[in-house]
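Following: one structure in structure tokens, then a few remarks.
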Ligand code: MN
């Protein structure tokens with residue numbers, strides 16, 4: 001029997017979804033190593049992948065812009081890729097490196113014809129120097145926040161320095177005063193942890209798994225270390241849909257209540273997630289994870305990002321354009337929240 005079709009509906013074209021992507025990396029132009037095998041091993045990725053991503057990371061004019069155009073990304077907020085300044089153990093190298101990188105980035109933003117904004121790098125090996133550079137980067141260079149690649153490595157000290165350490169309090173204060181957020185980006189755990197967790201299973205290091213517990217642990221140190229009690233206006237951004245925390249927050253808080261150490265911040269983890277923490281979609285284009293984050297923190301605290309050059313901006317774009325959420329949430333996530341949090345609404349026409 002022949003099918004009897006009904007006429008196809010007239011299709012109203014969906015408007016192009018404006019996008020601001022906020023975890024988009026570049027490489028230090030002074031980083032000229034060709035030993036991609038060593039870098040690839042740290043990240044638990046193939047050498048060919050690392051080689052290609054480093055080429056993508058050094059490009060500002062062609063491939064990057066083409067991918068942004070194809071993805072419908074109006075603005076990429078650029079940041080120095082990990083390990084960044086945080087791994088520069090030598091004090092002088094770190095302090096001068098941050099200035100050099102910020103000047104380089106400011107130049108790319110100026111040349112970018114409105115397509116780029118920037119997150120500053122700072123040398124937290126020296127808190128005073130980091131504050132001075134943060135103020136210069138925000139006030140003079142127009143940076144919209146700071147990106148910190150995990151714990152800070154200082155001199156010969158083998159211990160990682162996490163940002164709940166009291167030595168960083170003045171820096172948190174400066175961030176709140178300048179009203180800019182801190183984007184806490186993953187980095188590989190210290191060698192002892194990597195060795196314990198991934199020896200013989202190196203494929204699980206890096207973005208596959210190792211980055212998430214490292215960065216989630218750092219975040220829990222901030223929360224339960226009272227950073228947001230001491231600096232209630234401070235705003236933290238986490239990539240990769242919150243590094244597992246939106247999914248795990250209830251159990252963490254539940255178990256925390258039994259801690260015998262008399263460690264008690266004033267609020268629950270879920271309250272800090274609502275008051276001080278934002279998550280982005282970088283490298284995590286998955287609707288189940290998005291909906292978990294929506295239910296945990298609400299649509300005002302989720303922001304679009306792709307994680308260029310390590311992931312594919314067009315995949316991120318096609319996904320957010322069709323994710324099963326309301327149009328108003330989609331607009332907030334794609335660009336509205338970034339305009340608000342990073343002050344980019346005002347800068348659009350600047
Ligand atoms: Mn990244």
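Since every read-out is calculated from the coordinates, none of them should be taken as a lab result. Everything quoted here is computed from the prediction, not taken from an experiment. Neighbour counts run over all protein chains shown; Cβ positions are idealised from the backbone, glycine included.
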Next on the checklist: Need the C-alpha centroid separation for region 169-243 versus region 290-309, integer Å.
Outcome noted: 17 Å
Checklist outcome for this item: Each label sits 7 Å from Cα toward the beta-carbon; between residue 87 and residue 197 the label points are separated, in nm, by 1.6 nm
Checklist entry - Using a basic spin-label model with each label point 7 Å from the Cα along Cα→Cβ, how many nm lie between residue 58 and residue 173? => result 4.3 nm
Next on the checklist: Highest mean first, how do 293-302, 179-188 rank when packing is the count of other Cβ atoms within 10 Å averaged over residues?
Outcome noted: 179-188, 293-302
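Could you work out how much longer the chain between residue 318 and residue 291 gets when fully extended? Use 0.36 nm per residue separation minus the Cα distance between them, nm to one decimal.
Numbers: separation 27, 0.36 × 27 = 9.72 nm, distance 1.68 nm.
Additional length available on full extension: 8.0 nm.
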Checklist entry - Where the Cα atoms of region 57-194 are projected onto their three principal axes, how long is each span, largest first, in whole Å? => result 44, 35, 23
Checklist entry - Cα axis of helix 245-256 to longest principal axis of the chain: angle in degrees, 0 to 90, nearest 10? => result 40 degrees
Checklist entry - Mind checking the angle between helix 91-111 and the chain's longest principal axis? C-alpha axes, 0 to 90 degrees, to the nearest 10. => result 20 degrees
Next on the checklist: Rounded, prolate or oblate, given the Cα gyration tensor of region 88-148, with a/c below 1.5 counting as rounded?
Outcome noted: prolate
Checklist entry - For the Cα atoms of the chain, what angle does the longest principal axis make with the long axis of helix 47-58, in degrees from 0 to 90, nearest 10? => result 90 degrees
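If you stretched the chain out fully between residue 331 and residue 16, how much longer would it get, using 0.36 nm times the residue separation minus the C-alpha to C-alpha distance? Could you put the intermediate results ahead of the total?
Numbers: separation 315, 0.36 × 315 = 113.40 nm, distance 1.07 nm.
Full extension from residue 331 to residue 16 adds 112.3 nm.
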Checklist entry - How much FRET efficiency would the formula 1/(1 + (r/R0)^6) give for residue 32 and residue 3, where r is the Cβ-Cβ distance and R0 is 51 Å, rounded to 0.05? => result 0.20
Item to check | Debye log10 I(q)/I(0) at q = 0.14 Å⁻¹ for region 19-349, Cα point scatterers | outcome: -1.15
Next on the checklist: Can you give me the distance in nm between label points at residue 300 and residue 110, each placed 7 Å from the Cα along the Cα-to-Cβ direction?
Outcome noted: 3.7 nm
